[in-house]
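Peer 1: Sharing a structure below in structure tokens format, with a few things to ask.
The values are calculated or read from the model by the stated rules, or taken from the named source; none is laboratory data. As the structure is a computational prediction, the values presented were derived from the model and not from experiment. Backbone-built Cβ (ideal geometry, glycine too); neighbour counts: all protein chains shown. Keep in mind that these areas ignore ligands, DNA and RNA; they rest on the heavy atoms of the full protein, side chains included. Shrake-Rupley method; radii C 1.70, N 1.55, O 1.52, S 1.80 Å.
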2 protein chains.
Amino acid sequence: MIIMSDEKKTSLESIGEFKLIDELTKDFKTHHSSTIYGVGDDAAVIQRDENTVSLVATDALLEGIHFNLMYTPLMHLGYKAVMVNLSDIYAMNGTAEQITVTIAASSRFPKEALEELYKGIKKACDIYEVDLIGGDTTSSVSGLMISVTAIGTAKKEDVVYRNTAKENELIVVTGDLGAAYMGLQILEREKSVYKANPNIQPDLDGYDYLLERQLKPEARKDVVKFLKELDVKPTSMIDVSDGLASELFHLCKQSNVGAQIYDEKLPIDTAVSTTAIDFEISPTTCVLNGGEDYELLFSIKQEDFDKIKGNPHMTVIGHFTAKDSGLYLIDKQGAAIELKAQGWNHFNEGKNA
Amino acid sequence: MIIMSDEKKTSLESIGEFKLIDELTKDFKTHHSSTIYGVGDDAAVIQRDENTVSLVATDALLEGIHFNLMYTPLMHLGYKAVMVNLSDIYAMNGTAEQITVTIAASSRFPKEALEELYKGIKKACDIYEVDLIGGDTTSSVSGLMISVTAIGTAKKEDVVYRNTAKENELIVVTGDLGAAYMGLQILEREKSVYKANPNIQPDLDGYDYLLERQLKPEARKDVVKFLKELDVKPTSMIDVSDGLASELFHLCKQSNVGAQIYDEKLPIDTAVSTTAIDFEISPTTCVLNGGEDYELLFSIKQEDFDKIKGNPHMTVIGHFTAKDSGLYLIDKQGAAIELKAQGWNHFNEGKNA
């Protein structure tokens, strides 16, 4: 029988997801000229015809790691599983066209549960105009897993990568940040209350925006359209799935630049600010280390500033600097605080467990 | 908190995978003209340029359902996870070019375990010339899951579907069948022996071929090439992942035809025949209901028979008939036995649990 040698063992917790992927995939060679860009961006890029590319992104959500069915409606879960993948296509400045869906479910899930899940998937497909083209449905020993692959398209010249930001370019983020994280805190609090005493009804009133951002996020298809209308091509782009600090770190590392962002510029909804205070968390921490906002973080040339100025969907939060200047948040008192890559390490702590 | 209503619950076991997928996906609409063929074949077909299509297939392997790590080396598992997906691309008569790999692993797996898995994935990529272009690596609450999406390409006119077989066409299968299933029986037998008494060493001698077919199957990229060289375009095709009976049933149902196959024509390796007798199973049953052979099952026009006659990789096992003639195996005594769709129902019994 097969037994792993005990000699050398490195726990996954000690590595972190991005380093692990780097190490596991570093020796792979490319065999096809159609493979334009592989591992390392929001989506892979494949040559389609002379002027067009296909974009491919894949992400899985696992029960107990990414979601807790105690407070996640299955319909919302199906919707969200599609969103997190479409978001990766939009982060390449592309149009999402197709998805495949793989579901593994244990015998505790009846057919009606999967129907709820597929209702959410269908709603996402209808609203975002993507086609479900295939997948796999299988049983699992325990728990629910949903893995989606999204396929998109873009003109080759329109594709925006993570590694093409330059010094002095402006850093822009869409929408507002931190709300999905605060939504999760509320759900977790009410779960604890319920577990302690199942007779107490959950108190979710007044938290609609935060809960919706956590349970039913929207990918920013609209932003890709706005950017085209404004005639702005971002110089780099990534989606905000793991918290602003982690995403900025990716752009800086892959583009070989540093960055300065300004605390006072961060777009934070008042619901986040007031709830964060109740929870004794800094709203800035929610933004930097929260995650699951599925907004877009991108950079533009300084000369494009006038085109986006005053746009309600976009906020300039800072600019890229020289690589050796590092990655800093300038706080409201003007002090520079160095940011570390935090992001969510799934091997350390569940996002949503 | 969210509780599923107890009123109506249909267990997944009572439905079966294919019917379930049909029901879950029946209301989905197509939004893009680039979506040529969605759910229902080995791979989805997407328009690439005027004359070319992309092919997309996805399949997941779960611990306890599709594999047992007590006897499955992780390197072989990685290799097999790629093979089962490439096989779907070849079953469309296409060329596989790229894969994405999503892995979920619990904390019981050290980094070295994932390295073994990726060694197998890399070996498959190198031998079959496919590029790893992305994926997702996450933790799981328990167990190991590997989900692969394969992307291929084909000339639009070369794509072979399941629903285009016609009456009187010849049914052809590649290689031999039933060996992967017998390999599994041997591994399961030795597992039981080991569990009863861990001091008894497993007796796997002489079963090399059967074990290799189970643990390290090969997808039939070569057959796609042979068919081109022979100037034969199959009239329908599917890969043999769930046993011959189930695959034939798919071709018949989707093409609106019946079929007759002949027991004496079934390609069965002598290792299968002799081992099946030891296990008191009919070799024919292994072929019909076994599965995981990853051979190709296809049909050709009668006039193409001379082109494949005597080819060591291909065996004519019968022909398609009128739909109302049904699906029959003619046994060695000339008796007609009606075949039912069996295949593996993952919700009833693990393939490999």
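Peer 1: Given (1) among the charged types (D, E, K, R); (2) surrounded by fewer than 23 Cβ atoms within 10 Å (Cβ to Cβ); (3) assigned to a loop (DSSP other than H, G, I, E, B), where does residue B:228 come up short, assuming only one miss?
Peer 2: Every condition holds for residue B:228 apart from (3).
Peer 1: Hey, residue A:201 hits all of (1) in contact (Cβ under 8 Å) with a residue 40 or more places away in the chain; (2) over 29 Å from residue A:318 (Cβ atoms) but one; which does it fall short on?
Peer 2: (1)
Peer 1: Right, another one. Answer yes if at least one residue in the stretch B:202-211 is of a type in the set (Asp, Glu) and in contact with a Leu (Cβ under 8 Å, 6 or more places away or on another chain), and no otherwise.
Peer 2: No, the stretch B:202-211 contains no residue that is of a type in the set (Asp, Glu) and in contact with a Leu (Cβ under 8 Å, 6 or more places away or on another chain).
Peer 1: Take the residues in the stretch B:216-272 that are hydrophobic (A, V, I, L, M, F, W, C) and touching a Cys at 6+ places or on another chain (Cβ under 7 Å), then tell me which one is nearest to residue B:19 (Cα to Cα).
Peer 2: Kept after step one, since they are hydrophobic (A, V, I, L, M, F, W, C), are these residues of the stretch B:216-272: B:219, B:223-224, B:226-227, B:230, B:232, B:237-238, B:240, B:244-245, B:248-249, B:251-252, B:257, B:259, B:261, B:266, B:268, B:271-272.
Keeping just the survivors that are touching a Cys at 6+ places or on another chain (Cβ under 7 Å) gives B:259, B:272.
Values: B:259: 22, B:272: 31 Å.
Looking at the filtered set, the residue picked out is B:259.
Peer 1: So residue B:82 fits all but one of (1) among the β-branched types (Val, Ile, Thr); (2) in a helix (DSSP H, G or I); (3) under 30 Å from residue B:10 (Cβ atoms); what number is the exception?
Peer 2: If we test residue B:82 against (1) among the β-branched types (Val, Ile, Thr); (2) in a helix (DSSP H, G or I); (3) under 30 Å from residue B:10 (Cβ atoms), just (3) comes out false.
Peer 1: Given the structure, is residue B:140 among the hydroxyl-bearing types (Ser, Thr, Tyr), crowded, with 19+ Cβ neighbours inside 10 Å, over 17 Å from residue A:44 (Cα atoms) and facing another protein chain (nearest Cβ under 7 Å)?
Peer 2: Criteria met by residue B:140.
Peer 1: Across the stretch A:30-39, what is the number of residues that are at the interface with chain B (Cβ under 7 Å from one of its Cβ atoms) and part of a loop (DSSP other than H, G, I, E, B)? Write out each step before concluding.
Peer 2: Our first condition is that a residue be at the interface with chain B (Cβ under 7 Å from one of its Cβ atoms); within the stretch A:30-39, this holds for A:30-32, A:34-35, A:38-39.
Subset that is part of a loop (DSSP other than H, G, I, E, B): A:30-32, A:34, A:38.
Looking only at that region, the number is 5.
Peer 1: Going by what's in this entry, would residue B:184 be described as touching a Lys or Arg at 6+ places or on another chain (Cβ under 9 Å) and either small (Gly, Ala, Ser) or modelled with pLDDT of 95 or more (or both)?
Peer 2: Details: touching a Lys or Arg at 6+ places or on another chain (Cβ under 9 Å): yes; either small (Gly, Ala, Ser) or modelled with pLDDT of 95 or more (or both): yes.
It is true that residue B:184 is touching a Lys or Arg at 6+ places or on another chain (Cβ under 9 Å) and either small (Gly, Ala, Ser) or modelled with pLDDT of 95 or more (or both).
Peer 1: Is it the case that residue B:77 is at the interface with another protein chain (Cβ under 10 Å from one of its Cβ atoms), out of contact with any Pro (no Cβ under 6 Å at 6 or more places or on another chain), of a type in the set (A, V, I, L, M) and open to solvent by less than 50 Å² (accessible area, probe 1.4 Å)? I'd like the intermediate steps shown before the answer.
Peer 2: Values: at the interface with another protein chain (Cβ under 10 Å from one of its Cβ atoms): no; out of contact with any Pro (no Cβ under 6 Å at 6 or more places or on another chain): yes; of a type in the set (A, V, I, L, M): yes; open to solvent by less than 50 Å² (accessible area, probe 1.4 Å): yes.
So residue B:77 fails the test.
Peer 1: Could you tell me whether residue B:154 is surrounded by 15 or more Cβ atoms within 10 Å (Cβ to Cβ) and either part of a helix (DSSP H, G or I) or without any contact (Cβ under 8 Å) to a residue 24 or more places away in the chain (or both)?
Peer 2: On the way: surrounded by 15 or more Cβ atoms within 10 Å (Cβ to Cβ): yes; either part of a helix (DSSP H, G or I) or without any contact (Cβ under 8 Å) to a residue 24 or more places away in the chain (or both): no.
In short, no.
Peer 1: Follow-up question, since we're still on this one. State all residues of the stretch A:40-74 that are more than 24 Å from residue A:292 (Cα to Cα), more than 7 Å from chain B (Cβ to nearest Cβ) and of a type in the set (Asp, Glu); if no residue qualifies, say none.
Peer 2: Scanning the stretch A:40-74 gives a single hit, A:50.
Peer 1: Which is buried (at least 24 other Cβ atoms within 10 Å of the Cβ), of a type in the set (Ser, Thr, Tyr) and at pLDDT 95 or above, of A:35, A:30, A:95, A:58?
Peer 2: Residue meeting the stated conditions: A:58.
Peer 1: Further question: Return a yes/no flag: does the stretch A:106-114 have any residue that is more than 7 Å from every other protein chain (Cβ to nearest Cβ), under 21 Å from the mean Cα position of the chain (by Cα) and open to solvent by 30 Å² or more (accessible area, probe 1.4 Å).
Peer 2: Scanning the stretch A:106-114 turns up no residue that is more than 7 Å from every other protein chain (Cβ to nearest Cβ), under 21 Å from the mean Cα position of the chain (by Cα) and open to solvent by 30 Å² or more (accessible area, probe 1.4 Å).
Peer 1: So which of A:243, A:310, A:258 is in the same structural domain as residue A:175 (by TED's automatic domain parsing), at pLDDT below 95 and under 29 Å from residue A:55 (Cα atoms)? Walk me through how you get there before you give the answer.
Peer 2: On the way: A:310 fails: under 29 Å from residue A:55 (Cα atoms); A:258 fails: at pLDDT below 95.
Unique residue meeting the criteria: A:243.
Peer 1: Against the definition (in contact (Cβ under 8 Å) with a residue 60 or more places away in the chain, assigned by TED's automatic domain parsing to the domain that holds residue A:125 and hydrophobic (A, V, I, L, M, F, W, C)), how does residue A:82 come out, yes or no?
Peer 2: Yes, satisfied.
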